[in-house]
Amino acid sequence: MTDAVTDAAANLKLDEGAAADNAPKLQLDEETGEWVSKGELKKRLAKRAKKASQAKAKEAKPAATETAPKKPKEKTEDTPLDPQAMFKQGFLNEVYNERPVKPVVTRFPPEPNGFLHIGHAKAIAVNFGFAKYHGGNCYLRYDDTNPEAEEEIYFTAIEDMVRWLGFSPHAITYSSDNFQKLYDLAEKLINLGKAYVCYCDDEEIKKQRGGEKGASPRYRCKHADQTPEYNLAEFRAMRDGKYKPREAFLRMKQDITDGNPQMWDLAAYRVLDKPHHRTGDKWKIYPTYDFTHCLCDSFEGITHSLCTTEFFLSRVSYEWLNQQLVEFQPMQREYGRLSISGTVLSKRKLKELVDKKIVRGWDDPRLYTLIAVRRRGVPPGAILEFVNELGVTTNNSIIQIARFEQTIRRYLERTVPRLMLVLDPVPVVIEDAEEVDVTVPFSPKNAAMGDHTIKFTKTVYIDRSDFREVDSKDYFRLAPGKSVGLLNAPYPIKATSFTKDEATGKVTEIRAVFDKETKKPKTYIQWVGAEGSGSRKCEVRIYNQLFKSENPASAEGGYLNDLNPESEVVYPEARIESGFDEVRQRAPWPEAAGEDKLGKGGPESVRFQAMRVAYFAMDSDTTDDKIVLNRIVSLKEDKEKS
């Protein structure tokens, strides 16, 4: 949690500039899409080079004079990783072995001051998954100690996302439920001579901490010499409203000589002139994250407090405070956080995009808030699979969007049905055709999905991009005098003529006949029956990356100068085949995670593969009269059609 006390007096955190100077320089591993340290990348490249060398040497070996003919290699299905792999091995397994207790108790403790983003999905999967794997419980604890930034909408959205990912909290708790207990412990800390009321301003605190980049010696605040009796009286005066915000705050009396900045007399309580959403005007003072978090972990019996590596230095102050005040001692351990390149995740930047109406809202499918990822149609199971594939280590992961989409694509390939969709329809009149029912499987690979019947009509719609007015040798779709196959249709068709709108130059109709002599055409294209077939008009939104570069924040002139003008392309006249109605009735696709049974899931749980186009989900803008579809991901990383 980052408290909204925006001065050094309250936060007492590391200077951002200094942190950036000390941060490891990351390099892109182009094979995996991860940003890793230079040393890690060097190791990976050496390992791959060795593997390639061994493969080359193997190929160079002379073949035996008499060898049995090789059997053709069987094509294997893409098998997902064991969903519990990240708990059985590696970092999380080592963490459990450090404290192999039963029952395991963990917590997911978000600050309710914004919408969760894709990085939080890892925290949810780690904390809830770790407890579940070891037969324990995980709390959803709202870290609601900063009334200046908290809103009810965020509380609701956070719980929704946890449940959507398939997890049920053992209990939903609030740090604010412990305000009185925390206050009492603060008085205890004062009486132990381990806390004092400080009146210093930002500049003075910075000097105490060594000045700019630690250029001068550190020294303890003069207020640390005040007696416990004086500090207790002043702390109660803070509580009773004597001081305004920033005039006084309670500091822990730690060790200013320690090399760890998290021991430099951190803030414990500050004055905030704002009613709390749960306690109203009862309190004038509120505990900070550094004071609250570890104590609430102890109150709830948290055995394994799992957080990201940005809190690694905080472990010392976490343990110090608990040892002063409480009997039960949780164990904090830190794992690498997950982030995605090519986008922005900061609340300030996201808010600017929303306020300037550059995007449709906080849930715009081009964003990487979890509500946006859900609206786009990404299944919760795909997100969990992605986290599991990356694994959990102490290294921070900055993943390219393409790597995330690769996992989504593989997941959808085996879990959703297939339908035919035409983005930019043009009618084809097949002069010798008759209406006939065609039975089509929902998946050629999974018979359990069943099949459905669609009407092949005398007039069908094909995509405008599948017709050319002038043929060429390297073109294998429909053109005058050329044949093409229609998926699941009785015969291929051959174009005989076409008509155009003179004003726009667009083809308005194609005439064709069945080509009964061509047994196997070189290419098959999708089609949708005419109005009487049960097909429906729909609006299709094709989403691309919102930004043009991998690091929008570093773009010249700022991240808003890096916007991709083609991030949303809308096809308002698209047509979807009649099988869509059955897919919609049978949603969610697939039944997994928080969408684990029929009817459980929003409109985005209606997912399918539009053959030769992309993977799609129904958007929340859909009404009884209008279907709106969002592209989830492209097919095969947008490889061009032949």
So, PRO588, is that one at pLDDT 95 or above, closer than 19 Å to MET449 by Cβ and assigned to a loop (DSSP other than H, G, I, E, B) or not? yes
Going through (1) surrounded by 16 or more Cβ atoms within 10 Å (Cβ to Cβ); (2) of a type in the set (Asp, Glu); (3) under 45 Å from the mean Cα position of the chain (by Cα) one by one, ASP471 fails only at (1)
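Within the range 435-446, identify whether any single residue is among the acidic types (Asp, Glu) and assigned to a strand (DSSP E or B), and answer yes or no. Don't jump to the end; show me each part of the working.
Filtering the range 435-446 down to residues among the acidic types (Asp, Glu) leaves 435, 437.
Next, from what is left, pick out any that are assigned to a strand (DSSP E or B): 437.
There is at least one residue in the range 435-446 that is among the acidic types (Asp, Glu) and assigned to a strand (DSSP E or B).
Does the range 169-181 contain any residue that is part of a helix (DSSP H, G or I) and more than 25 Å from ARG107 (Cβ to Cβ)?
Looking only at the range 169-181, we keep the residues that are part of a helix (DSSP H, G or I), and these are 175-181.
Right, trim to more than 25 Å from ARG107 (Cβ to Cβ) and you get none.
Checked the range 169-181: no residue is part of a helix (DSSP H, G or I) and more than 25 Å from ARG107 (Cβ to Cβ).
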Could you list, ordered by first residue, the pairs with Cβ atoms under 7 Å in which the first is in the range 585-610 and within 13 Å of GLY166 (Cα to Cα) and the second is in a loop (DSSP other than H, G, I, E, B) and of a type in the set (Phe, Trp, Tyr), at least 6 apart or interchain? none
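Tell me whether the range 498-505 contains one or more residues that are surrounded by 12 or more Cβ atoms within 10 Å (Cβ to Cβ) and either under 23 Å from GLY532 (Cα atoms) or of a type in the set (Asp, Glu) (or both).
Within the range 498-505, the subset surrounded by 12 or more Cβ atoms within 10 Å (Cβ to Cβ) is 498, 500.
Next, only the ones that are either under 23 Å from GLY532 (Cα atoms) or of a type in the set (Asp, Glu) (or both) stay: 498.
So far as the range 498-505 goes, yes, one or more of its residues are surrounded by 12 or more Cβ atoms within 10 Å (Cβ to Cβ) and either under 23 Å from GLY532 (Cα atoms) or of a type in the set (Asp, Glu) (or both).
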Does the range 223-250 hold any residues that are in contact (Cβ under 8 Å) with a residue 60 or more places away in the chain, surrounded by 19 or more Cβ atoms within 10 Å (Cβ to Cβ) and of a type outside the set (A, V, I, L, M), and which are they? PHE249
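So which residues in the range 495-514 are of a type outside the set (A, V, I, L, M) and in a loop (DSSP other than H, G, I, E, B)? Show your work before the answer.
Applying the first criterion (of a type outside the set (A, V, I, L, M)) to the range 495-514 yields 496-502, 504-506, 508-509, 511, 514.
Those that are of a type outside the set (A, V, I, L, M) and in a loop (DSSP other than H, G, I, E, B): ASP501, GLU502, THR504, GLY505, LYS506.
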Is one or more of the residues making up the range 457-468 without any contact (Cβ under 8 Å) to a residue 40 or more places away in the chain, farther than 22 Å from ARG584 by Cα, among the charged types (D, E, K, R) and surrounded by 15 or more Cβ atoms within 10 Å (Cβ to Cβ)? yes
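Out of ARG220, ARG251, ARG270, I need the residue that is assigned to a loop (DSSP other than H, G, I, E, B) and either of a type in the set (Lys, Arg) or at pLDDT below 95 (or both). Which one?
After ruling out the rest, the residue left standing is ARG220.
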Looking only at the range 515-565, which residues are of a type in the set (Ser, Thr, Tyr), surrounded by 18 or more Cβ atoms within 10 Å (Cβ to Cβ) and in a loop (DSSP other than H, G, I, E, B)? SER535
Which number in (1) touching a residue at least 12 places away in the same chain (Cβ under 8 Å); (2) outside any helix (DSSP H, G or I); (3) surrounded by 15 or more Cβ atoms within 10 Å (Cβ to Cβ) marks the one condition that GLY210 misses? (1)
With the checklist (1) more than 25 Å from LYS351 (Cβ to Cβ); (2) under 19 Å from the mean Cα position of the chain (by Cα); (3) of a type in the set (D, E, K, R) in hand, flag the one item LYS132 doesn't pass. (2)
Do the conditions hold for VAL197, that is, is it in a strand (DSSP E or B), of a type in the set (Val, Ile, Thr) and touching a residue at least 12 places away in the same chain (Cβ under 8 Å)? yes
Would you point out the residue of the range 38-93, among those that are surrounded by 10 or more Cβ atoms within 10 Å (Cβ to Cβ) and among the acidic types (Asp, Glu), that is modelled with the highest pLDDT? ASP82
Breaking point among (1) touching a strand residue (DSSP E or B) at 6+ places or on another chain (Cβ under 9 Å); (2) surrounded by fewer than 17 Cβ atoms within 10 Å (Cβ to Cβ), for GLY280: (1)
Do the conditions hold for ARG374, that is, is it assigned by TED's automatic domain parsing to the domain that holds VAL633, of a type outside the set (Ser, Thr, Tyr) and surrounded by 23 or more Cβ atoms within 10 Å (Cβ to Cβ)? yes
Considering every residue within the range 416-424, establish whether at least one is within 24 Å of the chain's Cα centre (by Cα), outside any strand (DSSP E or B) and at pLDDT 95 or above. yes
Top-ranked residue in the range 355-376 [being in a helix (DSSP H, G or I) and not small (Gly, Ala, Ser); ranked as nearest to LEU338 (Cα to Cα)]: LEU370
Restricting attention to the range 321-349, which residues are over 18 Å from CYS296 (Cβ atoms) and part of a loop (DSSP other than H, G, I, E, B)? GLY336, ARG337, SER341, GLY342, THR343, VAL344, LEU345, SER346
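The values are calculated or read from the model by the stated rules, or taken from the named source; none is laboratory data. The shown structure was predicted, so the numbers you read here are calculated from the model rather than taken from an experiment. Neighbour counts are summed over all protein chains in view; Cβ atoms, including those assigned to glycine, are modelled from backbone coordinates with ideal geometry.
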